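Everything below concerns the one structure shown next.
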Amino acid sequence: MFDLQPENRKPAHLEGNILPVINMTFLLLLFFIVVGTFSESLNRDISPPQSLSEALGEASAVELELTREGRLLWEGEETTVPAWAEGFRAEGMALPEKIRLRADANTPAAQFIPVLEDLKFLRVARVSLVTVNDGNVL
Amino acid sequence: MLLQAHHKKTLRRISITPLADLVFILLVFFILETSFTEFRELAFNVPEEKETAASAGESLSIQLFEGGQLWVQGMSLGLVALGDYLDDKQYGADTAIALEVHHRVPLQLLVNTMDQLQRRDLEKIRILPLDKGRAEGGDG
């Protein structure tokens, strides 16, 4: 009745068995930390088009987002190109010459071209479209 | 003395269960929040009309319709045929390209066309909306 020996031994045996599991979990954790990049800042409603173009450049570029419904977003807030430019100027910053545009692959030209025209009007000289390459590019 | 020995024995057996729990939670968090997508960028200039008009080189007019059909200098081509056409014609890098796009063309088709052009160093691309009359002609 007072012999606690078997009860003491059992948990020790169990812990010994789960150690490889914990090791494996740590390894997986390290893998995800090292190899992956955080996607929290990305709008999950926007899936960029596929292309064979070059790797993404500077991370600090000003980035606008365009959904397939034609909603233009800057830092998660819905805007228009003139309103965005106004806000930019209000903060005392000069409008950038290069803009990065993260647009959905299914955005129709009717939504996309007016944004380009507005950027051209603001003398934005270069636009870089965010794309992906998963190997299914023509 | 006996009490001290017993105390030491208790200290040695720290439970690793909360640690394992925490590691699992962290693992699930990283699996859900991590993205392995390799982003790229397709950069192009936004030339002003006068800039394109003043271009000394050749010019090329391309119309892009909804189903991916292309009209290049009056010829109907597909996307692959456009590549062959450009290879055949050997346009120079200073060729001004007017890419007129039907309003229902999805961005993916436009990007595919621009990919074909940029692969041949044709970067002076002006993207324009296809005017309604010609768009309707192309639809039919």
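Throughout, read-outs are computed from the coordinates displayed, never taken from laboratory work. Keep in mind that what you see is a predicted model, and the values were worked out from it rather than measured. Note that each Cβ is placed from the backbone with ideal geometry, even for glycine, and that neighbours are counted across all protein chains shown.
Looking at the stretch A:60-117, which GluC sites (Glu not before Pro) are DSSP coil and have at most 15 other C-beta atoms within 10 Å of their C-beta?
Within the stretch A:60-117, the qualifying GluC sites (Glu not before Pro) (loop, at most 15 other Cβ atoms within 10 Å) are A:Glu69, A:Glu75, A:Glu91, A:Glu97.
If I take R0 = 35 Å and measure r between the Cβ atoms of B:Ser59 and A:Glu78 in this structure, what FRET efficiency does the formula 1/(1 + (r/R0)^6) give, to the nearest 0.05?
The calculated FRET efficiency here is 0.40.
Which order do B:Leu86, B:Leu130 fall in if you start with the one that has the fewest other Cβ atoms within 10 Å?
Working: B:Leu86 21, B:Leu130 24.
Least to most surrounded, the residues fall as B:Leu86, B:Leu130.
At 7 Å along the Cα-to-beta-carbon direction for both A:Leu95 and A:Asn17, put a label point, then send me their distance in nm to one decimal.
6.8
Hey, fewest Cβ within 10 Å first, where do B:Thr34, A:Thr131, B:Thr95 land in order?
B:Thr34, B:Thr95, A:Thr131
Enumerate the calculated ³J(HN,Hα) couplings along the stretch B:110-116 in order (Karplus 6.51 cos²θ - 1.76 cosθ + 1.60, θ = phi - 60°), each rounded to whole Hz, writing x wherever the residue is Gly or Pro.
5, 5, 4, 5, 5, 4, 4
In terms of modelled amide H atoms, which long-range or inter-chain residues lie less than 5 Å from the amide H of A:Leu129?
The list, which skips near neighbours in sequence, is A:Leu101, B:Leu42, B:Ala43, B:Phe44.
Tell me, what ³J(HN,Hα) does each residue in the stretch B:18-28 have, in order and in whole Hz, if you take phi through Karplus 6.51 cos²θ - 1.76 cosθ + 1.60 with θ = phi - 60° and put x for Gly and Pro?
So the J values, rounded to whole Hz, are x, 5, 4, 4, 4, 5, 4, 5, 4, 4, 4.
For the stretch A:41-138, what log10 I(q)/I(0) values come out of the Debye formula at q = 0.21, 0.25 1/Å, with one point per alpha carbon and no solvent?
So the normalised log intensities are -1.17, -1.57.
What list do you get for A:Lys120, B:Lys124, B:Lys89 if you sort them by fewest beta carbons within 10 Å?
Least to most surrounded, the residues fall as B:Lys89, A:Lys120, B:Lys124.
When averaged across all projection directions, what area in nm² does the alpha-carbon convex hull of the stretch A:65-109 cover?
Average projection, Cα convex hull of the stretch A:65-109: 3.5 nm².
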